[in-house]
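Q: Okay, here's the structure, questions in a sec.
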Amino acid sequence: MENRISKLAPSILSADFCRLGEQINELENNNIDLLHIDIMDGVFVPSISFGMPVIKSIRRITDMFFDVHLMISEPIRYIEAFAKCGVDGITVHVEACKDLEATLDKIKEQNMKCAVAINPDTEIEEITHVLEKVDMVLVMSVYPGFGGQKFILESFEKVERLDKIRKDKNLDFLIEIDGGVNVENAGKIAESGADWLVAGTAIFSGNITENINKIKEEI
Ligand code: DX5
Ligand code: ZN
């Protein structure tokens with residue numbers, strides 16, 4: 001875990017869907033190999049984003065790691081369907097699952113990486129029982145549902161605590177942070193122990209290549 005290099009995971013929620021393929025190519029040309037894909041059901045979160053047909057289409061044009069963030073109630077119902085779309089890793093919210101462990105097991109059975117997400121008001125204690133099972137923990141640094149919100153400062157402490165737990169217990173889950181990441185706070189977020197930094201607005205508004213270069217200089 002020492003000498004970690006933090007990576008950027010652009011969230012296509014903020015992409016221009018008329019030019020999605022082109023924008024994904026631009027990410028790849030900048031050596032981005034993670035793509036964060038936000039799925040919202042209008043029930044667990046107020047908004048609805050997009051679903052399987054979009055993932056299937058973009059799977060044809062890139063080998064990037066598809067990091068799918070399910071903001072949906074009872075995601076266990078859809079794990080196989082997402083696996084069939086060529087997803088590499090699935091994140092489910094602890095707040096959205098009746099049986100979190102069974103949901104994570106199902107993701108693993110489908111040969112995908114599994115991760116658990118916690119909302120800003122959810123304590124780390126809610127997920128300590130699955131830390132040995134997961135490949136990653138996603139700390140929400142905004143309330144899920146929309147791009148373009150402000151980073152919640154308490155999230156730094158959550159990342160630091162998770163980083164300490166994994167060191168103390170000799171675990172190797174990754175820590176991902178999602179929401180309000182930008183060029184100003186990316187350095188501090190990486191320093192606090194986050195491995196994957198999701199960024200939507202900060203990457204897709206304006207010039208993508210310039211935005212990536214500026215953020216990469218900080219992490
Ligand atoms: C919010 C989503 C995020 C979102 C981040 O519910 O999970 O992935 O796209 O967007 P920004 O970077 O604009 O906060
Ligand atoms: Zn997300």
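Q: So S141 fits all but one of (1) out of contact with any Asp or Glu (no Cβ under 9 Å at 6 or more places or on another chain); (2) within 16 Å of ligand 2 (Cβ to nearest atom); (3) under 23 Å from L171 (Cα atoms); (4) among the small types (G, A, S); what number is the exception?
A: Looking at each condition in turn, S141 falls short on (1).
Q: Looking at F151, F146, F156, F173, which is the one that is more than 16 Å from ligand 1 (Cβ to nearest atom) and not charged (D, E, K, R)?
A: F173
Q: Taking interchain pairs and intrachain pairs at least six residues apart, which have beta carbon atoms under 6 angstrom, with the first residue in segment 156-182 and touching a residue at least 24 places away in the same chain (Cβ under 8 Å) and in a loop (DSSP other than H, G, I, E, B) and the second open to solvent by 90 Å² or more (accessible area, probe 1.4 Å) and not aromatic (F, W, Y)?
A: G180/K150
Q: Sort through E210, E191 and tell me the only one that's open to solvent by 30 Å² or more (accessible area, probe 1.4 Å), more than 13 Å from ligand 1 (Cβ to nearest atom) and farther than 17 Å from S141 by Cα.
A: E210
Q: Report whether or not T128 is of a type in the set (S, T, N, Q) and open to solvent by less than 10 Å² (accessible area, probe 1.4 Å).
A: It is false that T128 is of a type in the set (S, T, N, Q) and open to solvent by less than 10 Å² (accessible area, probe 1.4 Å).
Q: Among the residues of segment 85-100, is any open to solvent by less than 20 Å² (accessible area, probe 1.4 Å) and part of a helix (DSSP H, G or I)?
A: Yes - at least one qualifying residue is present in segment 85-100.
Q: Please go through segment 1-51 and pick out each residue that is over 19 Å from W196 (Cβ atoms), open to solvent by less than 30 Å² (accessible area, probe 1.4 Å), out of contact with any Gly (no Cβ under 6 Å at 6 or more places or on another chain) and assigned to a loop (DSSP other than H, G, I, E, B).
A: The answer is G51, and nothing else.
Q: Is it the case that M71 is open to solvent by less than 10 Å² (accessible area, probe 1.4 Å), touching a residue at least 60 places away in the same chain (Cβ under 8 Å), of a type outside the set (D, E) and over 15 Å from K113 (Cβ atoms)?
A: Yes: the conditions hold for M71.
The values are calculated or read from the model by the stated rules, or taken from the named source; none is laboratory data. None of these values were measured; they are calculated from a predicted model. In this analysis, Cβ positions are derived from the backbone assuming ideal geometry, glycine residues included, and neighbour counts consider all displayed protein chains. Just the protein is used for accessible areas: all its heavy atoms, side chains included, with ligands, DNA and RNA removed. Shrake-Rupley method; radii C 1.70, N 1.55, O 1.52, S 1.80 Å.
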